[in-house]
Structure formats: structure tokens, C-alpha cells
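Here is the structure we will look at, set down as C-alpha cells.
Coordinate-derived values only; no laboratory data. A quick note: this is a predicted structure, and the numbers were derived from the prediction, not measured.
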Amino acid sequence: MNQAFHRASPPELREDDEINAWIYESNRDRPLADVLSDSREVFQQLVETLDAFPEDELRKLPRILGLEEEQISGSLFFAHFHEEHEPDMRAWLERVKKEP
């Protein structure tokens, strides 16, 4: 796995946009296949980490996250990708399609 995924973002970066810009700059010159491979590996690590937690601990997660009224689901954590990132990704894909 590439070192960019092993490094934590610099501690002075606090806002999502700052962290996203740092991730972009850290990976922009890498082959897409490598970035996607690393992304899949990191996601698998997340799944394995969550699988390692006892069921009763996972049931406490909504309270810990202050989400007592909401159902915990993947969409709770990942829905923002469609809202915040999908338009940029689609625009990039359109530009790539037009390149010779």
C-alpha cells in the first residue's frame, strides 16, 4: 500500500476541505489504479476493524457518536460522497473522456 494512505493528515488541518485538498495533493500524480487499490484496501481494513468489535460495543455507537435518534447505516457515513464529491468526479470523468 502506498505511504500516502499510511500518513495521517497534518494535525493543523481541521476542516474537511483542507484534509480533502491534502489527500488530493498527496495522490494526484499517482496512477488511478493504485489509488483505487489503496482505497479498497483501506475500506477492507475498516470493515475488518468493525467486525472485530463485540456486538454489544457496536450497539453503543449511536450514543457515543451523539446519534441516538438516527439509525446507524452506511449511508449515514458515506452519503456525503454523493452530495460533496460526485459532481467533481463526474466533471473529471467527462474531461478525461474528451482527452485524446
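Points to keep in mind about this one:
- C-alpha long axis of helix 32-52 to longest principal axis of the chain, angle in °: 0 degrees
- Angle in degrees between helix 16-27 and the longest Cα principal axis of the chain, rounded to the nearest 10: 50 degrees
- q = 0.17, 0.30 Å⁻¹: log10 I(q)/I(0) that the Debye formula gives for region 1-52, counting C-alpha atoms only: -0.60, -1.14
- Length gained on full extension, Q45 to R14: 8.8 nm, using 0.36 nm per residue less the C-alpha separation.
- The long axis of helix 86-98 is offset from the longest Cα principal axis of the chain by roughly 20 degrees.
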